[in-house]
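Taking it in order: structure first as structure tokens, then the write-up.
The values are calculated or read from the model by the stated rules, or taken from the named source; none is laboratory data. None of these values were measured; they are calculated from a predicted model. Cβ placement follows ideal geometry from the backbone for every residue including glycine, while neighbour counts extend to all protein chains displayed.
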Amino acid sequence: MNETVAVGTQEAALPPAPGADRYRSLDFADTAATLPAGQSYDLLAAPGSAMRWLAAHELTTPDVRLYEVCARRMRTLRDHVRAVFAARVEGVAPPEESLRAVNQALTAVPTAPLLAWDGAQGPRRVRAHPTDQAVNHALATLAADAADLLTGPDASLLAACGSAPCDRFLLRTHGRRHWCSTRCGDRVRAARAYARRNDASE
């Protein structure tokens, strides 16, 4: 049986994959991962951890309180973004449902900060919204980022981690890079060394 662990911080899980510093949508897709020994983690599993992820990626402010329905919407969009990324990596058409979900997130709200008037400061741009609107803006921003990645010059660099059972995505910023983290790379190299030793002993 797989054991899913709700992790509150990115540091407690695998480190960000190559390319996550350029594309928040890549890090968003990797907020859930399958690990060896039947374990997995989900950084969006609970409203509190989902809120911390949004705040850490400057997609909302720490004072916005998230509820389960909002965290569930984040997880749903993440699944659709993952499906579109996987289709790009495999060179196949993405599921229509996933394309529709990304486009709905893109068009749900304007992603630009709104114009507001403050009696003391005058006109200014703000991102202050009720919780549901704050989440809408965050999801729209992530969907736009995913669309930019998929249609931009880095699209050909998008890859799936080559260390089973890890199912994270990365940008192959180096030609020989096939893994999302040092830990995954070490696991593959150890498995290869073990196989070579077994072959030599037979």
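Criterion first (of a type in the set (D, E, K, R), touching a Phe, Trp or Tyr at 6+ places or on another chain (Cβ under 9 Å) and surrounded by 16 or more Cβ atoms within 10 Å (Cβ to Cβ)) does ASP154 satisfy it? Please lay out each step first, then the result.
Numbers: of a type in the set (D, E, K, R): yes; touching a Phe, Trp or Tyr at 6+ places or on another chain (Cβ under 9 Å): yes; surrounded by 16 or more Cβ atoms within 10 Å (Cβ to Cβ): yes.
So ASP154 passes the test.
Being buried (at least 17 other Cβ atoms within 10 Å of the Cβ), touching a Pro at 6+ places or on another chain (Cβ under 8 Å) and either modelled with pLDDT under 95 or part of a loop (DSSP other than H, G, I, E, B) (or both) is the filter here; which residues of segment 4-40 pass it?
Within segment 4-40, GLN10, ASP30, LEU35 qualify.
Could you grab me the full set of residues in segment 46-76 that are in contact (Cβ under 8 Å) with a residue 60 or more places away in the chain and over 11 Å from THR31 (Cβ atoms)? Let's see the steps before the verdict.
Here is the first cut: in segment 46-76, the residues in contact (Cβ under 8 Å) with a residue 60 or more places away in the chain are 54, 59-61, 64-67, 70, 73-74.
Once the filter is applied, which keeps residues that are in contact (Cβ under 8 Å) with a residue 60 or more places away in the chain and over 11 Å from THR31 (Cβ atoms), segment 46-76 yields LEU59, THR60, THR61, VAL64, ARG65, LEU66, TYR67, CYS70, ARG73.
In the set SER98, SER49, which member is in a helix (DSSP H, G or I), under 22 Å from LEU149 (Cβ atoms) and hydroxyl-bearing (Ser, Thr, Tyr)?
When all the criteria are applied, what remains is SER98.
What is the one condition in (1) surrounded by fewer than 14 Cβ atoms within 10 Å (Cβ to Cβ); (2) touching a strand residue (DSSP E or B) at 6+ places or on another chain (Cβ under 8 Å); (3) modelled with pLDDT under 85 that PRO110 does not satisfy?
(2)
Tell me which residues, restricted to segment 133-158, are of a type in the set (D, E, K, R) and over 13 Å from the mean Cα position of the chain (by Cα). Before you say what the answer is, go through the steps one by one.
So in segment 133-158, the residues of a type in the set (D, E, K, R) come out as 145, 148, 154.
If the condition is that a residue be of a type in the set (D, E, K, R) and over 13 Å from the mean Cα position of the chain (by Cα), then ASP148, ASP154 are the ones that fit.
So which residues in segment 157-177 are over 16 Å from ALA33 (Cβ atoms) and touching a Gly at 6+ places or on another chain (Cβ under 9 Å), if there are any at all?
Keep residues of segment 157-177 that are over 16 Å from ALA33 (Cβ atoms), which gives 157-158, 171-177.
If the condition is that a residue be over 16 Å from ALA33 (Cβ atoms) and touching a Gly at 6+ places or on another chain (Cβ under 9 Å), then LEU157, LEU158, LEU171, ARG172, THR173, ARG177 are the ones that fit.
Among the candidates VAL84, VAL64, which residue alone is of a type in the set (A, V, I, L, M, F, W, C) and either assigned to a helix (DSSP H, G or I) or within 15 Å of ALA13 (Cβ to Cβ) (or both)?
The conditions single out VAL84.
Being hydroxyl-bearing (Ser, Thr, Tyr) and either at pLDDT 90 or above or surrounded by fewer than 19 Cβ atoms within 10 Å (Cβ to Cβ) (or both) is the filter here, so list the residues in segment 41-82 that pass it.
TYR41, SER49, THR61, TYR67, THR76
Among the candidates GLY175, GLY162, single out the residue that is modelled with pLDDT under 80, over 16 Å from the mean Cα position of the chain (by Cα) and within 28 Å of PHE85 (Cα to Cα).
On the way: GLY162 fails: modelled with pLDDT under 80.
Of the residues listed, the single one that is modelled with pLDDT under 80, over 16 Å from the mean Cα position of the chain (by Cα) and within 28 Å of PHE85 (Cα to Cα) is GLY175.
Could you tell me which residue of segment 67-81 is farthest from ASP21 (Cα to Cα), considering only residues that are in a helix (DSSP H, G or I) and not hydrophobic (A, V, I, L, M, F, W, C)? Lay out the reasoning, then the answer.
Here is the first cut: in segment 67-81, the residues in a helix (DSSP H, G or I) are 68-81.
In the following step, the residues that additionally are not hydrophobic (A, V, I, L, M, F, W, C) were identified as 68, 72-73, 75-76, 78-80.
Numbers: GLU68: 27, ARG72: 24, ARG73: 23, ARG75: 20, THR76: 22, ARG78: 17, ASP79: 20, HIS80: 21 Å.
If we take residues in segment 67-81 being in a helix (DSSP H, G or I) and not hydrophobic (A, V, I, L, M, F, W, C), then GLU68 is farthest from ASP21 (Cα to Cα).
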